[in-house]
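Working notes, beginning with the structure itself.
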Amino acid sequence: MHRARLIFQDGAELTVEVEPGQTVLEGALAVDVPVRYDCCTGSCGSCVVQCVDGQTVVDLTGKVPVNADELVAGLRPGCLTRLNSDASFELPYPLKPAPSAPAKHSAEIMGVQRAAPSVALLTLKLDRAEDFTFQSGQYVRLAAPGISGARAYSIASTPAELPLIELMIRLVPDGKMSRWLQETAKVGDRVKLQAPLGSFGLDDRARRHVFIAGGTGLAPVLSMIRSLRGRGQRALLCFGCTRRQELFYEAELAALVGTMPELEVRIAVMEGADADIRRGTAVSLLQQDDFDAETVSYLCGPPGMVDAARKAIAEHGVGVAAIRAERFQPGG
């Protein structure tokens, strides 16, 4: 038997015994440690942690939510990692305050709005917000009437806005949830949620935050940016969409900048740039002086964008520990 030392973002530590054959996640859950997870199969990335010492073995036979470079740098999916010795892991969130445990919730649709041809904004009102505590960056699994299975969507609003929750949903051709949103969903309808989920979130130790978002990947970083209001920490948002007509949330971002002098927003599109909208991708908006030793970067968007952003940031000299990515890929 080996021991896993879990070091939380706020400095709190817990040590758990991991039985032979158990994963680190299984060992933690066996003694009710409040670690974050979702799928337990390597698909969602919610349980990814940083191994700082010890010998581990990662099951690479199926889907793995980290790439080869990240494995070399010590990132480990807790649900696929077993121990060959005692080991220590850093978790990308604090022990306290903690979000509520994932649970089933019901909610009423308060608004359905088309923000762009391929983006819908869905506003929900929870029936019992007193039982729901989340941290900016987390997501929900949404189950709609008549739709088999649930879909994962990041929360764009902040905890201060509860009982209301805002979701940004990409509309995809022939997607079941997309068709429901466009053809059936209306104010007053009811939905089910499994939430809160995920470990993507702010690093409270950082003094500067750089957010790179593509399309509806804006949702979790927008929640994090909104939650920074009044903290006096500098923040940069680089936001990109493929075409000018697909760009959304421009007015809202401009209004946010007006109330947050510490925030800078850069926007790019690959086709149809004009005025203050630059030509390129969210990644192309980055500059060398955007990064220093106290900067943490947050990535969310299509897998290709996230990979390109991670590579570009690394070329600016940023280490893996200062890069956070939302790894879950929801369906339509």
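The values are calculated or read from the model by the stated rules, or taken from the named source; none is laboratory data. The model shown is predicted, which means the values in this text are computed figures rather than measured ones. Cβ sites come from the backbone with ideal geometry, for glycine too, and all protein chains shown count toward neighbours. To get the accessible areas, we keep the full protein, side chains included, count just its heavy atoms, and leave off ligands, DNA and RNA. Shrake-Rupley method; radii C 1.70, N 1.55, O 1.52, S 1.80 Å.
In the stretch 133-277, a dipole from Cβ-located charges (positive for Lys and Arg, negative for Asp and Glu) runs towards its positive end, and of Ala255, Ile277, Leu228 it is Leu228 whose Cα lies farthest in that direction.
Would you kindly calculate the translational diffusion coefficient of the stretch 210-256, applying Stokes-Einstein with the Kirkwood radius from alpha carbon pairs, for 37 °C and a viscosity of 0.692 mPa s, and quote it in µm² s⁻¹ without decimals? If you can, show how the numbers build up before the last one.
Working: Rh = 11.4 Å.
In µm²/s, the coefficient rounds to 289.
Relative to the first principal axis of the alpha-carbon coordinates of the chain, what is the inclination of helix 250-259, with its axis defined by its Cα atoms, in degrees from 0 to 90 and to the nearest 10? The angle comes out at about 70 degrees. Rolling a 1.4 Å probe across the protein heavy atoms gives the chain an accessible surface of 44 Å² per residue. Spatially, the stretch 49-104 and the stretch 4-25 are offset by 10 Å when compared through their Cα centroids. Using C-alpha pairs below 8 Å separated by at least 6 residues, the relative contact order for the stretch 30-170 is 17 percent. The string of couplings for the stretch 164-171 from the Karplus curve (6.51, -1.76, 1.60, θ = phi - 60°) is 7, 10, 10, 10, 10, 10, 6, 8 Hz, one whole number per residue in order, with x for Gly and Pro. Per residue, the chain reaches -4000 deg cm²/dmol at 222 nm when only DSSP H runs of four or more residues are counted, each adding -39500 (n - 2.57). Per residue, the average separation of C-alpha pairs within less than 8 Å and at least 6 apart gives the chain a relative contact order of 16 percent. Listed by chain and number, the lysines whose C-alpha is less than 21 Å from the C-alpha of Lys176, apart from same-chain residues fewer than 8 away, are Lys186, Lys192.
Other residues within the sphere of radius under 14 Å centred on the Cβ of Pro303, judged by their own Cβ, net out at +2 (K and R +1, D and E -1). The apolar share of the surface of the stretch 19-152, taken as the fraction of accessible area on carbon and sulfur atoms (1.4 Å probe, ligands and nucleic acids excluded), comes to 51 percent. The alpha-carbon positions of the stretch 121-280 define a convex hull whose volume is 127 Å³ per residue. Over all projection directions, the Cα-based convex hull of the stretch 217-304 averages an area of 6.1 nm². Taking Cα centre as origin and charging only the Cβ of basic (Lys, Arg, +1) and acidic (Asp, Glu, -1) residues, the dipole magnitude of the chain rounds to 720 debye. In this structure, the amide hydrogen of Lys63, modeled 1.01 Å from its nitrogen in the peptide plane, lies closer than 5 angstrom to no residue at least 5 positions away or on a different chain.
Residue-normalised convex hull volume from the C-alpha trace of the stretch 1-78: 97 Å³ per residue.
Positive end of the dipole of the stretch 5-88 (Cβ unit charges, origin at the Cα centre): among Val16, Val35, Gly74, the Cα lying farthest that way belongs to Gly74.
For the stretch 53-106, the Cβ-based charge dipole about the Cα centre amounts to some 360 debye (Lys, Arg positive; Asp, Glu negative; other atoms uncharged).
Per residue, the average separation of C-alpha pairs within less than 8 Å and at least 6 apart gives the stretch 191-332 a relative contact order of 27 percent. The phi-based Karplus calculation (6.51 cos²θ - 1.76 cosθ + 1.60; θ = phi - 60°) puts the 3J(HN,Hα) values of the stretch 109-123 at 6, 9, x, 10, 9, 8, 7, 7, x, 10, 9, 10, 9, 10, 10 Hz, whole numbers, x for Gly and Pro. Simple point charges give the picture: +1 on the Cβ of Lys and Arg, -1 on the Cβ of Asp and Glu, and for the stretch 176-310 a dipole about the Cα centre of about 500 debye.
Coupling constants for the stretch 24-36 follow from the phi torsions by the Karplus curve (6.51 cos²θ - 1.76 cosθ + 1.60, θ = phi - 60°), and in residue order they are 4, 4, 4, x, 5, 5, 5, 10, 6, 5, x, 7, 9 Hz; glycine and proline get x. Between Tyr298 and Val210, Phe211, Ile212, Arg324, the built amide H atoms are under 5 Å apart, and every one of these is 5 or more places off in sequence or on another chain. Would you tally the net charge around Gly146, using a Cβ to Cβ cut-off of less than 14 Å, leaving Gly146 out, and scoring K and R as +1, D and E as -1? After counting each charged neighbour, the total is +4. Taking the accessible area of the stretch 235-332, probe 1.4 Å, and keeping the other protein chains in place, the carbon and sulfur fraction comes to 52%.
Just to check, using Stokes-Einstein with a Kirkwood Rh over alpha carbon pairs, what's the diffusion coefficient of the chain at 4 °C and 1.567 mPa s in µm²/s? Value of D from the Cα-based Kirkwood radius: 63 µm²/s. Its residue count N sets the reference 2.2 N^0.38 Å, and the alpha-carbon radius of gyration of the stretch 266-332 equals 1.20 times that reference. Other residues within the sphere of radius under 14 Å centred on the Cβ of Ala275, judged by their own Cβ, net out at +1 (K and R +1, D and E -1). From the square roots a ≥ b ≥ c of the eigenvalues of the alpha-carbon gyration tensor of the stretch 112-161, which class results: rounded (a/c under 1.5), prolate (a/b over b/c), or oblate? Note, shape of the stretch 112-161 comes out oblate. Each peptide in 227-238, 50-61 gets a packing score, the mean of other Cβ atoms within 10 Å over its residues, and the list from highest to lowest is 227-238, 50-61. The lysines within cross-link reach of Lys96, meaning a Cα-to-Cα straight distance under 23 Å and a gap of 8 or more places when in the same chain, are Lys104.
For the stretch 22-162, the fraction of alpha-carbon pairs lying more than 17 Å apart is 67 percent, rounded to a whole number. If you look at the Cα atoms of the stretch 229-275, you get an Rg and a Dmax of 12.0, 36 Å. Where both partners of a DSSP beta bridge lie in the chain, what percent of those bridges are antiparallel, to the nearest 5? Counting DSSP beta bridges with both partners in the chain, the antiparallel share is about 60 percent.
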